[in-house]
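Participant: I am attaching a structure below and will ask some questions about it afterwards.
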Amino acid sequence: MSTPPFGRNRGTDQRSPTVGGAGEITMGDIGQHLQSDFPATEHHGQSATDILQFGEMDQVSIIKASLAYLHSDGVVFEMCVIGPKPPNCEWWEGFAGGRKPIVAGWFRDHEKAAELATRVWATGVYITLNPANGGLLSRANERLLAGVGRTQDGEIEWIRNLLIDLDPIRPAGISSTDTEHAAALEMAQIIQADLTAEGWPNPLLGDSGNGAHLVFPLDLANTPESIALVKAGLVALAQRYADELKRRNLEIDQAVFNPARLTKLYGTMVRKGDNTQDRPHRLARIISLPNTRQPVPLELLKKLAATINSPENPQPRNSEVGEGRLDVEAYLRHYGVEVLMVKPHCGGLLYCLHECMFDSSHSGNEAAIFQAANGGLAYKCFHNSCKARTWAEARARISGHDKLTGFIIGGTHSKDSYQSKSKNRKTEAGEAKFSETLCPLPPPTPWNLAAQLFPRIPFPWEVLPGSVADSLQQLGRACATSPAALPGAGCCLTGSIMGRTLTVSPKQGWDSPMNTWHMDIRESGEGKTPPVHLMAGPIHEAQLKEEIRYRREMEAYKRLTRKEREQTPPPTPPRGYFVSDLTLEGLRDDLINSPHGGIVGIHDEISSFITSQNQYKPKGTDREAWLCLFDGKSARIVRAGKTMYLHGARVSIFGGVQPKVF
């Protein structure tokens, strides 16, 4: 295989790719071929004569070669365009605006996909690494659509490719230098040579624009076992080449194991940050690919995965930190990492980032660095593809191998003195798991005890349909808040619309009503209210129409003569779709005009409703009646001088409350 051109080769060789030895199509000269027909870099401030132009058909050919290698004919794949400009364009439908503009579509036709990929201007063009469920074509069939739901891991048919993604460690949101870029390409060749010597088939060797790719064919079912095997293989490679990667200031991305992973579409431009002389925008391109696809034998993949080293002891806090703590805000500011907000969280501080350190498409309050009360640090991205990322990996992305001593507040920085104190204390580890550092336990209080007994866990978004999960997460991003509470609010709204028309039967003879009571327990100012009010918009609109209808009919009724009113029934009172101040007495009146008993209580602060359950009233409290209604049963309430009978009510309730109030 010929050596790929590193740096900015200005050769003018127009030869077509030739078939080389060992059954491999050598596209080493495709580097020169592309750089003569395509600009491998976009140079800032160059004249038109310095920028080598390329023909559109040549670019389409490279894109089609990429698609042919990754996806066989008839296979459905997603094409995702990140950062398209302008927001309105003839090449897609809808408005691609906001902090995170994305357009996407699903394709079988390589010609159509290639044509669109060359037409759009974007930060980057990506495709799914593995084939998607054919039904996804119905979301956007051979076209691009703004704001469409994305392919989920469970919607991947088969695991067909293993991506080894080598990237220079550098600040987020910028392109690599030529030196960094060349180091990644050279390292990819080293790994390729080692693996093929062990019996692995030849991969696609690609230039990702800022780093290097090796794409090995696989033939695995999309199962948890297969995903774990791919993940273990990436971890094993990162461990095997750890010293060499560190020397070259590179990393192997260990988070690209998920089935719905996106990868650069070779033949398209990669525009990360501003296009400068030192860090130019480049073309993602194929350097070489095999003549035929030969999947990696399963036994070789298992053999690689089995080489993972399992350290006996957890990693101690970084010796540079000692007994002090990192000034996270100063550290992030120094390295140009944008922080959207800093807010208290479970005794510590949450630094909400503008974008994820590992995937710039995860932006707008979707990633954070958490510093616990004891100084421990954790990194968290709310996307499944990055949820395994750690603080150590985030630090490497942010500051490489730079020392932290300049950002340490207080304490001593003696390695020996610290390790002698914390050799086996996992809670003092600087590289702690996010779930362990989220709620450190100072002297117990009722809320801290609850956090200890019921620790936070990520919401299982995979249980929802992909489009629903995407919409709720997008709503959370738009409101700059966590989307974890939105599915519960959605269940409440849906249940009130269904009412008695639908029940759930866990088993024969057991019918459970569609009643949901949901609380969002978070501190004040964390954005509990805005997204749920947006979700409830259609309910509020329906209620407004009912009120207007009743008012108009009542005004017309009042204009009737006395005799006409005696012969005309009065207008039907407005049906209740939602209620803000929920009482049993008010519920009885609302049920009279409800076709199916469904109603939802929407509370900005649900604490008043909770405390009213134990409030003494003549003949008892309301708690028992509400419990009957939650189970879908009838309730009969006897008060002094009057009796209420409630039957067929389907009441869902949701609202926010602060932890201390709760």
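The values are calculated or read from the model by the stated rules, or taken from the named source; none is laboratory data. For clarity, every value in this text was computed on a predicted model and none was experimentally measured. Heads up, the Cβs are rebuilt from the backbone with ideal geometry, glycines too, and the neighbour counts pull from every protein chain shown.
Participant: Within segment 512-532, track down each residue that is in contact (Cβ under 8 Å) with a residue 60 or more places away in the chain and not in a loop (DSSP other than H, G, I, E, B). Give the steps one after another, and end with the answer.
Facilitator: Narrowing segment 512-532 to residues in contact (Cβ under 8 Å) with a residue 60 or more places away in the chain: 512-526, 528-529, 532.
Selection gives 512, 513, 517, 518, 519, 520, 521, 529, 532.
Participant: Sticking with this structure for a sec: Scan segment 473-510 for residues that are assigned by TED's automatic domain parsing to the domain that holds residue 541, aliphatic (A, V, I, L, M) and farther than 16 Å from residue 654 by Cβ and jot them down.
Facilitator: Correct list: 502, 504.
Participant: What are the pairs with Cβ atoms under 6 angstrom where one residue, in segment 593-621, is over 17 Å from residue 536 (Cβ atoms) and the other, located anywhere, is assigned to a strand (DSSP E or B) and modelled with pLDDT of 80 or more? Sequence gap at least six, or different chains.
Facilitator: Every condition considered, the pairs that remain are 597/650; 607/657.
Participant: Please name all residue pairs, on different chains or six or more residues apart, with Cβ atoms under 6 Å, provided the first residue is in segment 478-498 and is part of a helix (DSSP H, G or I) and the second residue is of a type in the set (Gly, Ala, Ser).
Facilitator: 492/652; 495/652; 496/598; 496/652
Participant: Can you list residue pairs whose Cβ atoms sit under 8 Å apart, with the first residue in segment 349-371 being free of Cβ contacts under 8 Å to residues at least 12 places away in the same chain and not assigned by TED's automatic domain parsing to the domain that holds residue 389 and the second being among the hydroxyl-bearing types (Ser, Thr, Tyr) and in a loop (DSSP other than H, G, I, E, B)? Count only pairs 6 or more apart in sequence or on different chains.
Facilitator: none
Participant: Let me ask you something else. Just one of the numbered conditions (1) at pLDDT below 90; (2) more than 22 Å from residue 625 (Cα to Cα); (3) assigned to a helix (DSSP H, G or I) is not true of residue 553; which one?
Facilitator: The one condition residue 553 does not meet is (1).
Participant: For segment 158-165, does any single residue satisfy the condition of being in the same structural domain as residue 91 (by TED's automatic domain parsing), within 29 Å of residue 246 (Cα to Cα), charged (D, E, K, R) and in contact with a strand residue (DSSP E or B) (Cβ under 7 Å, 6 or more places away or on another chain)?
Facilitator: Filtering segment 158-165 down to residues in the same structural domain as residue 91 (by TED's automatic domain parsing) leaves 158-165.
Filter once more, keeping what is within 29 Å of residue 246 (Cα to Cα): 161-165.
From the residues that got through so far, the ones that are charged (D, E, K, R) too are 165.
Those left that are additionally in contact with a strand residue (DSSP E or B) (Cβ under 7 Å, 6 or more places away or on another chain): 165.
Yes, some residue in segment 158-165 is in the same structural domain as residue 91 (by TED's automatic domain parsing), within 29 Å of residue 246 (Cα to Cα), charged (D, E, K, R) and in contact with a strand residue (DSSP E or B) (Cβ under 7 Å, 6 or more places away or on another chain).
Participant: Among the residues of segment 64-83, are any under 24 Å from the mean Cα position of the chain (by Cα), surrounded by fewer than 23 Cβ atoms within 10 Å (Cβ to Cβ) and outside any strand (DSSP E or B)?
Facilitator: yes
Participant: With the requirement that a residue be surrounded by fewer than 21 Cβ atoms within 10 Å (Cβ to Cβ), free of Cβ contacts under 8 Å to residues at least 60 places away in the same chain and outside any helix (DSSP H, G or I), what does segment 217-266 give you?
Facilitator: Hits for segment 217-266 are 223, 241.
Participant: Please work out which one of (1) part of a loop (DSSP other than H, G, I, E, B); (2) aliphatic (A, V, I, L, M); (3) modelled with pLDDT of 80 or more is the condition residue 321 fails and give its number.
Facilitator: Against the list (1) part of a loop (DSSP other than H, G, I, E, B); (2) aliphatic (A, V, I, L, M); (3) modelled with pLDDT of 80 or more, residue 321 comes up short only on (3).
Participant: Take residue 540 and decide whether it is touching a helix residue (DSSP H, G or I) at 6+ places or on another chain (Cβ under 6 Å) and either over 17 Å from residue 489 (Cβ atoms) or in the same structural domain as residue 496 (by TED's automatic domain parsing) (or both).
Facilitator: On the way: touching a helix residue (DSSP H, G or I) at 6+ places or on another chain (Cβ under 6 Å): no; either over 17 Å from residue 489 (Cβ atoms) or in the same structural domain as residue 496 (by TED's automatic domain parsing) (or both): yes.
So residue 540 does not fit the description; no.
Participant: Could you please find all residues in segment 134-153 being within 20 Å of the chain's Cα centre (by Cα) and under 20 Å from residue 72 (Cα atoms)?
Facilitator: 136, 151, 153
Participant: Which of the residues spanning segment 605-622 are surrounded by 12 or more Cβ atoms within 10 Å (Cβ to Cβ) and modelled with pLDDT under 80?
Facilitator: 605, 607, 608, 609, 610, 612, 613, 617, 620, 621, 622
Participant: Sticking with this one: Which of the residues spanning segment 338-361 are closer than 24 Å to residue 125 by Cα, modelled with pLDDT of 80 or more and buried (at least 19 other Cβ atoms within 10 Å of the Cβ)?
Facilitator: Result: 353, 355, 356, 357, 358, 359.
Participant: To continue, here is another question. All but one of (1) part of a loop (DSSP other than H, G, I, E, B); (2) within 18 Å of residue 129 (Cβ to Cβ) hold for residue 199, so report the exception by its number.
Facilitator: In the conditions (1) part of a loop (DSSP other than H, G, I, E, B); (2) within 18 Å of residue 129 (Cβ to Cβ), residue 199 misses (2) alone.
Participant: Return the pairs, sorted by first residue and then second, in which the second residue is acidic (Asp, Glu) and modelled with pLDDT under 85, the first residue lies in segment 647-662 and is closer than 21 Å to residue 481 by Cα, the beta carbons are less than 7 Å apart, and the residues are 6+ apart or on different chains.
Facilitator: Between residues of segment 647-662 that are closer than 21 Å to residue 481 by Cα and residues that are acidic (Asp, Glu) and modelled with pLDDT under 85, the close pairs are 655/604; 655/605; 656/604; 656/605; 657/605; 658/523; 659/523.
Participant: Given the conditions (1) among the aliphatic types (A, V, I, L, M); (2) under 21 Å from the mean Cα position of the chain (by Cα); (3) closer than 30 Å to residue 83 by Cβ, which single one is not true for residue 228?
Facilitator: The failed condition is (3).
Participant: For segment 544-574, give me each residue that is among the hydroxyl-bearing types (Ser, Thr, Tyr) and surrounded by 10 or more Cβ atoms within 10 Å (Cβ to Cβ). Steps first, answer last, please.
Facilitator: Our first condition is that a residue be among the hydroxyl-bearing types (Ser, Thr, Tyr); within segment 544-574, this holds for 550, 557, 561, 568, 572.
Passing the criteria: 550, 557, 568, 572.
Participant: Suppose the filter is part of a loop (DSSP other than H, G, I, E, B) and among the aromatic types (Phe, Trp, Tyr); does residue 91 pass it? Even if it seems obvious, please write down each step before you answer.
Facilitator: Values: part of a loop (DSSP other than H, G, I, E, B): yes; among the aromatic types (Phe, Trp, Tyr): yes.
Yes.
Participant: Name the residue that is surrounded by the fewest Cβ atoms within 10 Å (Cβ to Cβ), counting only residues in segment 107-157 that are among the acidic types (Asp, Glu) and assigned to a helix (DSSP H, G or I).
Facilitator: Taking segment 107-157 as the starting set, the residues that turn out to be among the acidic types (Asp, Glu) are 109, 111, 115, 142, 153, 155, 157.
Next cut, assigned to a helix (DSSP H, G or I) only: 111, 115, 153, 155.
Details: 111: 13, 115: 15, 153: 16, 155: 20.
Among residues in segment 107-157 that are among the acidic types (Asp, Glu) and assigned to a helix (DSSP H, G or I), the one surrounded by the fewest Cβ atoms within 10 Å (Cβ to Cβ) is 111.
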